[in-house]
1. Collect the residues in the range 221-250 that are surrounded by 12 or more Cβ atoms within 10 Å (Cβ to Cβ) and assigned to a loop (DSSP other than H, G, I, E, B), keeping them in residue-number order.
2. If the Cβ limit is 7 Å and pairs must be 6+ apart or interchain, which residue in the range 64-76 that is under 18 Å from LEU190 (Cα atoms) and surrounded by 15 or more Cβ atoms within 10 Å (Cβ to Cβ) pairs with which residue that is at pLDDT 95 or above and of a type in the set (D, E, K, R)?
3. Can you name the number of the only condition in (1) of a type in the set (Ser, Thr, Tyr); (2) over 17 Å from the mean Cα position of the chain (by Cα); (3) at pLDDT 95 or above that THR122 fails?
4. Can you say whether ALA21 is under 21 Å from LEU198 (Cα atoms) and assigned to a strand (DSSP E or B), as far as the supplied structure shows?
5. Name the pairs: first residue in the range 188-201 and closer than 21 Å to ARG240 by Cα, second residue outside any loop (DSSP other than H, G, I, E, B) and polar (S, T, N, Q), Cβ to Cβ under 9 Å, at least 6 apart or on different chains?
6. If you check LYS260, LYS178, which single one turns out to be farther than 27 Å from ASP59 by Cα, without any contact (Cβ under 8 Å) to a residue 24 or more places away in the chain and not aliphatic (A, V, I, L, M)?
7. Select from the range 55-75 the residues that are under 17 Å from the mean Cα position of the chain (by Cα) and not in a helix (DSSP H, G or I) and list them in ascending order.
8. Got at least one residue in the range 169-185 being hydrophobic (A, V, I, L, M, F, W, C), closer than 25 Å to PHE102 by Cβ, at pLDDT 95 or above and over 14 Å from the mean Cα position of the chain (by Cα)?
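The values are calculated or read from the model by the stated rules, or taken from the named source; none is laboratory data. Because the structure is predicted, anything quoted here is derived from the model rather than measured. Backbone-built Cβ (ideal geometry, glycine too); neighbour counts: all protein chains shown.
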Amino acid sequence: MNVVELHRDPRREDYEANKLAKRLRRQVGEAIADFRLIDEGDKVMVCLSGGKDSYGLLDVLLALREKAPVSFDLVAVNLDQKQPGFPEHVLPAYLSGLGVPFHIVEQDTYSVVKRVLPEGKTMCSLCSRLRRGVLYRVAGELGATKIALGHHRDDILATFFLNLFFGGKLKAMPPKLKSDDGKHIVIRPLAYVKEDDLAAYAEEKDFPIIPCNLCGSQEHLQRRQVRDQLRQWEKQFPGRVESILRALTDVVPSHLLDRKLFDFSELKT
């Protein structure tokens, strides 16, 4: 039997890598323009977890900054939650190599989550609240005008379906959000970006991924189930997921049932 050796085509690989990078920059640029995520003179605090999404976010923002019509600064911030075995050297070495200003904030939220929640309970909600409080504080200390998070298209849609199925609300993650105290603006520049593209980009760029031992270790969460369903739809019915995302940008309050958004009582012939 003849064995045919499959040879890599470096030119083809470079072409695909460049196409992916351009697509990510275009989609992030569109989100920034559509929702006015970044303004002239902004100091954007990029929350870097060590996962593929936040690495991709920082990398794309660095590329866009070179040609952006507005001038803005970037500072990377990592919250060291004191998870056992966390490789403390990885992010400082990576960011120093990029020449990006950064701050590593040490706060033991890991022990708080493990102490407060019983084994097997979903950790994401408590963990995110603790992180958010710390990051808001740090943003104030650094004088950051925007806080950039690495949530992507699939995160937004999964949140929408979680609220729909389990919370009884039509609610997702907004691309731009003012904090409850009115002091901070949170932005999600990856709002139009697919998770699969970020995974491919992380592999291409060989980001030094740091696994999470809290939320990332819980394999059977409702969120994961919803995201698996989205992937199945994407595979079986190409275009369906994009259609759902477009629906979130074209809401018709008069054709829903929310009396707070539309005054049905005043409808008259």
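1. Listed by number, the list holds a single entry, LEU221.
2. The qualifying pairs are LEU64/ARG25; PHE72/ASP42; PHE72/ARG65; LEU74/ARG65; VAL75/LYS43.
3. The single condition THR122 does not satisfy is (3).
4. Here the answer is no, as ALA21 does not meet what is asked.
5. LEU190/GLN27; ALA191/GLN27; TYR192/GLN27; VAL193/GLN27; LYS194/GLN27; ASP197/GLN27
6. LYS260
7. LEU74, VAL75
8. yes
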